[in-house]
Amino acid sequence: MTRSAHITIETSDGPMPAFEATPEEPKGGIVVVQEAFGVTAHIEGIAQRLAEAGWLAVAPAFFHRQGSPVLAYDDFASVMPVMKELNADGITVDLTAAFAHLEAAGFPAARTGIVGFCMGGSVTFYAATLRALGAAVTFYGGGVAEARFGLPSLVDQAPKLETPWLGLYGDLDQGIPSADVEELRQAVAGVKVPTEIVRYPDADHGFNCNDRPAVFNPTAAADAWNRTLDWFDRYLSKGS
């Protein structure tokens with residue numbers, strides 16, 4: 001049995017709403033970083049699925065400074081102004097608060113993981129450079145070859161990776177060219193932690209989101225999810 005609740009995490013920039021899903025005996029804690037559309041039902045579902053797999057999962061609202069909106073998947077006119085307000089300082093504050101929340105729940109960095117989708121995939125990569133977490137997984141995170149949110153590109157951040165990192169990308173993603181993904185593969189190849197990048201030839205941006213039928217790819221999503229759980233079990237479960 002798992003339980004879930006909407007909670008509040010205190011940050012130095014004020015309260016941050018979050019969705020939390022908890023199994024009976026969690027083997028570690030995982031931060032779930034939202035899409036550009038907010039902490040959607042899909043993101044809450046990811047947290048619940050992680051809890052079912054044995055992880056305490058918390059999905060903070062990184063848009064809390066903008067009122068924590070949840071935006072429709074086809075409402076890009078509303079998404080862009082909100083997302084453009086993100087900046088490196090705010091992202092760092094929110095990640096620090098989320099990790100502190102999990103540490104207070106009994107999970108130090110070695111037993112803490114992070115997974116992010118879309119915008120959250122980029123944030124996840126940055127988080128993996130901030131501290132030595134147990135494991136990190138990026139689903140189609142942008143900003144691979146160009147700076148975003150006041151942060152360097154993922155390629156430029158790569159030498160600072162402190163956390164075992166898995167990247168999952170679709171070749172049909174118009175916003176993240178496969179050539180950029182391959183450049184990132186080369187950039188992470190020489191770092192001191194394990195890394196892996198998986199490309200799905202028939203998958204588009206958002207391929208994991210079953211609430212977006214135009215891009216949802218069940219085959220790629222299932223494989224990516226299995227790889228995600230394996231990555232956490234392989235590296236995060238080794239924490240002490």
Single condition TRP225 does not satisfy, out of (1) within 19 Å of GLU35 (Cβ to Cβ); (2) out of contact with any Lys or Arg (no Cβ under 9 Å at 6 or more places or on another chain); (3) in contact (Cβ under 8 Å) with a residue 60 or more places away in the chain: (2)
Quick check, is THR138 of a type in the set (S, T, N, Q), without any contact (Cβ under 8 Å) to a residue 60 or more places away in the chain and either surrounded by 24 or more Cβ atoms within 10 Å (Cβ to Cβ) or in contact with a helix residue (DSSP H, G or I) (Cβ under 7 Å, 6 or more places away or on another chain) (or both)? yes
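Suppose the filter is of a type in the set (A, V, I, L, M, F, W, C) and over 25 Å from ASN87 (Cβ atoms); does ALA132 pass it?
no
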Answer yes if at least one residue in the stretch 162-171 is touching a Leu at 6+ places or on another chain (Cβ under 7 Å) and of a type in the set (S, T, N, Q), and no otherwise. yes
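Just checking: which of the helices (runs of 4 or more DSSP H) contained wholly in the stretch 151-240 hold 2 or more residues that are of a type outside the set (S, T, N, Q) and within 16 Å of the chain's Cα centre (by Cα)? Lay out the reasoning, then the answer.
On the way: elements: 154-157, 178-188, 218-235.
Here the list reads 218-235.
Residue-wise test of (1) modelled with pLDDT of 95 or more; (2) surrounded by fewer than 24 Cβ atoms within 10 Å (Cβ to Cβ); (3) in a loop (DSSP other than H, G, I, E, B).
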position	(1), (2), (3)
VAL93	yes, yes, no
ALA100	yes, yes, no
VAL115	yes, no, no
ALA127	yes, no, no
GLY142	yes, yes, yes
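The values are calculated or read from the model by the stated rules, or taken from the named source; none is laboratory data. Note that the coordinates shown come from a computational prediction; the quantities given were computed from them, not determined experimentally. Methodologically, a virtual Cβ is constructed for each residue, glycine included, from the backbone with ideal geometry; neighbour enumeration extends over all protein chains shown.
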